[in-house]
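Here the structure is laid out as structure tokens; the discussion comes afterwards.
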Amino acid sequence: MGASTKPRLSGMQLQVLALYRGFLRAARMKSPEERSRIEALVSQEFRRNSSQVDRKNYLYIEYLVRRGKKQLDQLKSPETVGLASLNVEASQAKTS
Amino acid sequence: MASVSANFVCSRTSVRLLNQMMTSKSLRLATVGWGRTPGFPRLTSSRFQISCAAKKETVDKVCEIVRKQLALPADKEITPQTTFTDLGADSLDTVEIVMGLEEEFDITVQEDNQDNISCIQEAADLIEQLVASKS
């Protein structure tokens with residue numbers, strides 16, 4: 001590759017990182033235990049998506065970024081005190 | 001197919017000479033993006049500056065925070081030139097590290113600066129600059 005030591009991040013990657021940063025900044029403003037919970041959740045979610053979602057799937061990534069922005073706006077509001085998530089695993093029914 | 005790679009080597013000798021001449025200037029090395037962004041170097045932030053090495057304790061604190069964030073084993077060696085990717089950090093980890101540094105030094109790193117930080121020395125230099133401009 002080139003001589004630059006900086007990674008060549010695409011516009012979309014920069015958006016995702018900016019969103020992640022926004023979440024971490026918003027988490028600071030909540031209570032300490034809530035903050036660690038938010039950070040754990042957000043980091044888990046972002047990492048899972050980064051490994052599972054195909055990086056060429058621009059449409060889905062844009063959708064996730066949009067959804068993330070809305071969630072971040074909600075989180076920033078002072079009335080919101082926490083973040084929680086629900087994991088639903090779809091079990092495949094075996095048909096014989 | 002012949003390929004040419006040009007390496008940026010920050011020659012410390014010339015920096016030292018300049019340091020002797022200009023004692024208290026805090027300057028910053030420019031990494032002018034070669035071909036990364038098409039067009040001209042940005043005129044908004046004048047980046048043609050030379051860096052004097054950040055203070056040792058700043059670098060040590062940065063190393064400390066990096067170790068904690070990435071949960072590195074104690075025997076893993078960190079030099080100021082180590083890039084975060086060498087240590088197995090991805091870009092999300094880098095964001096976390098920068099946030100940790102913001103908190104530790106009570107500074108706010110701007111968006112466009114965040115993307116430039118790739119090794120420990122750069123982080124320490126940026127921190128020094130921000131702390132100096134804040135006080």
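Taking the Cα centre of chain A as reference, the dipole from Cβ charges on Lys and Arg (+1) and Asp and Glu (-1) amounts to some 340 debye.
Checked against a 25 Å cut-off, the cross-linked pairs B:Lys61/B:Lys134; B:Lys56/B:Lys76; A:Lys30/A:Lys69; A:Lys70/B:Lys134; B:Lys76/B:Lys134; A:Lys76/B:Lys68 give Cα-Cα distances beyond that limit for A:Lys70/B:Lys134; B:Lys76/B:Lys134; A:Lys76/B:Lys68. Shielding of peptide B:86-96 by partners, expressed as the average count of other chain Cβ atoms within 10 Å per residue Cβ, is 4. Using θ = phi - 60° in the Karplus curve 6.51 cos²θ - 1.76 cosθ + 1.60, the 3J(HN,Hα) couplings for segment B:102-108 round to 4, 5, 4, 9, 6, 10, 10 Hz; x is entered for Gly and Pro.
Each label point was placed 7 Å from the Cα along the Cα-to-Cβ direction; for A:Leu59 and B:Glu103 their separation is 3.9 nm.
Modelled spin labels at A:Arg48 and B:Lys134, positioned 7 Å past Cα toward Cβ, are 3.5 nm from each other. A Förster distance of 30 Å, applied to the separation of the beta-carbon atoms of A:Asn87 and B:Arg67, puts the FRET efficiency at 0.45.
Helices meeting the span-like rule in chain A (full DSSP H runs, Cα extent of at least 20 Å along the helix axis, mean Kyte-Doolittle score of -0.5 or higher): A:11-28. Computed from phi, the 3J(HN,Hα) profile of segment B:58-67 under the Karplus parametrisation 6.51, -1.76, 1.60 (θ = phi - 60°) reads 4, 4, 5, 4, 4, 4, 4, 5, 5, 4 Hz, with x in place of Gly and Pro.
The label point for B:Lys55 and the one for A:Thr80, both projected 7 Å from the Cα toward the Cβ, are 3.8 nm apart.
Since every read-out is calculated from the coordinates, none of them should be taken as a lab result. Values in this document were obtained by computation on a predicted structure and should not be read as measured data. Don't worry about glycine lacking a Cβ; one is built from the backbone with ideal geometry, like all the others, and counts go over all protein chains shown.
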